[in-house]
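Note sheet for the following structure.
The values are calculated or read from the model by the stated rules, or taken from the named source; none is laboratory data. On a predicted model such as this, the values are computed, not experimentally measured, just so you know. Here Cβ is always computed from backbone atoms with ideal geometry, including for glycine, and neighbour counts include all displayed protein chains. For accessibility, only protein heavy atoms count, side chains too; no ligands or nucleic acids. Shrake-Rupley method; radii C 1.70, N 1.55, O 1.52, S 1.80 Å.
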Amino acid sequence: MQNISDIISTVEFNHTGELLATGDKGGRVVIFQREPESKSEPFSQGEYNVYSTFQSHEPEFDYLKSLEIEEKINKIRWLPQQNAAHFLLSTNDKTIKLWKVSERDKRPEGYNLKDEEGHIKDMSTVTSLQVPVLMPMDLMVEVSPRRVFANAHTYHVNSISVNSDYETYMSADDLRINLWHLDITDRSFNIVDIKPTNMEDLTEVITAAEFHPHHCNLFVYSSSKGTLRLCDMREAALCDKHSKLFEEPEDPSARSFFSEIISSVSDVKFSHSGRYLLTRDYLTAKVWDLNMESKPLETYQVHDYLRSKLCSLYENDCIFDKFECAWNGSDSVIMTGAYNNFFRMFDRNTKRDVTLEASRESSKPRAVLKPRRVCAAGGKRRKDDISVDSLDFTKKILHTAWHPTENIIAIAATNNLYIFQDKLNSELH
Amino acid sequence: MFPKGTKRKFSDSGEEPAVSGDEPAPAAAPSAAVRALTSAYSLQRQSLLDMSLIKLQLCHMLVEPNLCRSVLIANTVRQIQEEMTQDGTWQIMTQALAAAQCPTDRLVATEVLCRQTDAAAQAGQSPKPFSVVGLEEGYHAEEVVMEGDVETEVTMSTLSPVSPQLSSASYLAGTFGMGPCWEEDEDDDGECEEDEEEDSEECVSEGEEGDRDHLSADSRTGEQVFGTFEIKHPAPPPDPALEELFSDVDPSYYDLDTVLTGMQSAPKMGPYDLLESLSSHGPTALSSSSSCRSDLNELDHIMEIIVGS
């Protein structure tokens, strides 16, 4: 029986790709570490094994509103590594926490006052002094909470992003974005506030936000109306006025009652170069050039066959699913998830795309993934094709991550994590 | 996952006007407006409106509802409302409702009409009228249909005290038992929210306290989201002719998108005024048997409450 708490809610590689963190609905974080490649066993090189598991958040109760605060981890973001320890930020709907992950592989032995089991020695037996020495021990990974950033969000936190200055980070909820200093937990600066005076006038919310990878003064946030706003923190303390507004004009012929819902941006990611933005809305993934606000540079159809099913998807709430998207290390390929445990990759240069499935049946270790195809109902159907009406909408791949430099991807399929490696083309080109 | 919807049937198919681009002037004879009301587009639009209003009301009571989702649904409601205002059907609807006699003590236990296609329904649940805002018996109120595994597929509405609709007999009993518990929590009509919503209007509702309790239970999430959900004088459509017209309607959701075209901008109107005039006045049956899903986690939680653990 499936344990609901194990549903993975976020996946993130660290900056070197050595570590992969997942957060789940039960508030736990599991960190995987890549085994170093060894010449003696060529096939076990580069596999990810569990490194550490800890409980990040617990369910809470808001007594004022009589509502539960879910412990589900919405996002994890790693800090760039500065010493032997690793640091990551994890957040649920309300509280962000900074965790320190460190290794201990030595311990001191030879104490004067206590014996090996830790009992205090009988002083009469101590006849000489010794200096304790550090002896190797089995590797232990210790995780400790270093900071708790609480009580700064009235609404649900959907994004966190570490700044390139490595000193600050931002957290975004539905209506506000706050800027924090990593060392200061009792204060944060509000840098974006789109809450209207009268909540009845509310028509738009913030859906995602991210700092520019190189310019520590720039960040972007997306909205439920399909707009992206690039903001410059140097311009004003409160960045309600955007520096740039990215919005694609609506196609009047395609207008329907669902147009706005499917235009809502569920995820936004800067390219590694910092020159482009990748956004995901319900049916498409778009690449934007920061220098062109009027329309996206490229638009990729993720599952256009759902366009005629929007009403059903509205009825069962699937239309509100928030899919994430990812760049590969060289910004040449983008990836995003879909239904039926399918995920899609689009090569921006060759314009080729592929649909793959993350499932136990179709993936054995080291097997090559077979491309899948979805055909419209009633259309010409090849063997192994799936018809739109047979898609399983409970199997959705919302969270995906791409290794920062290599062709390794992590796919979260409900409560299973899949890690795929492209051994043939390990080097990105 | 998406079985095809049943074909719709009209009693007066001969009178069906062209779907798109046909806007009877408000000043035209009532028959023109009625024609508009019976057109495929209008009926499906009405279904969408009803569905949206249900979604807004039936939010998770345990955890704070998703603000993004609520905003998107409210915007959809607003769009429909604007369009209906544009082509005059809105006026017809509100007039009909205003003219109606509306007993205020009508809202009772909330049960939902289940389709007989559902196996569990056949197992013995008799169809009951859906009365979020006090529809009377005899209406072809909204049917929220469920299919598939009883254990895993539950409509969203199950989690709401308003419509504890479950196809499983055991669940049904349980959620009915739930009703009073939830109502107790929600009996402060005057309860307005915290700082962030201090500027919103008060969620005062007129009429019977009993009704208000129940309605404000659902509107609480609305309050939290938007500050005001005014539900006044829920009234059934008084016109038996209309009722008869709609009785055979079976909109197919698959066609909804192809039928719905051309949004027109209209003067802004509060979407929550809709609840005054009542979503379910236009009784349309939802033929789609696709299920609304809900969190098993929440279901577990509810079961815990019922069981008393």
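Legend: mean number of C-beta atoms from other chains within 10 angstrom of residue C-beta atoms, peptide A:312-323, equals 6. By the Cβ-Cβ criterion of under 4.7 Å, the unpaired cysteines of chain A are A:Cys216, A:Cys311, A:Cys318, A:Cys325, A:Cys375. Summarise the partner chain shielding of A:202-209 as one whole number: the mean count of Cβ atoms from other chains within 10 Å of each residue's Cβ. Shielding by partners across A:202-209 averages 4. Separation of the stretch A:236-258 from the stretch A:285-349 is 17 Å, based on Cα centroids.
Projected onto their three principal axes, the Cα atoms of chain A cover extents of 93, 57, 43 Å, largest first. The H on the amide N of A:Ile69, modeled in the peptide plane, is under 5 Å from the matching H of A:Glu60, A:Phe61, A:Asp62, each at least 5 residues off or on a different chain. Taking the Cα centre of chain A as reference, the dipole from Cβ charges on Lys and Arg (+1) and Asp and Glu (-1) amounts to some 1060 debye. Pair-distance distribution P(r) for the stretch A:282-425, from all Cα-Cα distances in 5 Å bins starting at 0: 2, 9, 18, 22, 20, 16, 9, 4, 1 percent. Which values of log₁₀ I(q)/I(0), to two decimal places, follow from the Debye formula for the stretch A:231-315 at q = 0.11, 0.14, 0.25 Å⁻¹ with a uniform point scatterer at every Cα? Each listed q maps to, in turn, -0.38, -0.58, -1.32.
Only protein heavy atoms count here, probed at 1.4 Å, and on that basis chains A and B bury about 5000 Å² of accessible area in total. Relative to the globular-protein estimate of 2.2 N^0.38 Å, the Cα radius of gyration of the stretch A:171-314 stands at 1.11. Here the accessible area of the stretch A:1-142 is 53 percent carbon and sulfur, with a 1.4 angstrom probe and all protein chains present.
Spatially, the stretch A:78-157 and the stretch A:198-214 are offset by 38 Å when compared through their Cα centroids. Short-range pairs are left out: with C-alpha atoms under 8 Å and at least six residues apart, the relative contact order of chain A is 10 percent.
Size check on the stretch A:168-248: the Cα extents along the three principal axes, sorted descending, read 36, 28, 20 Å. Couplings 3J(HN,Hα) for the stretch A:324-332, derived from phi with the Karplus relation 6.51 cos²θ - 1.76 cosθ + 1.60 (θ = phi - 60°), are 9, 9, 8, 9, 7, x, 9, 6, 9 Hz, where x marks Gly and Pro. The heavy atoms of A:Leu238 offer some 80 square angstrom of accessible surface to a 1.4 angstrom probe. Our coupling estimate for the stretch A:61-75, obtained by passing each phi through the Karplus curve with A = 6.51, B = -1.76, C = 1.60 and θ = phi - 60°, is 10, 8, 5, 5, 9, 6, 9, 7, 10, 5, 8, 4, 7, 7, 8 Hz, Gly and Pro reported as x.
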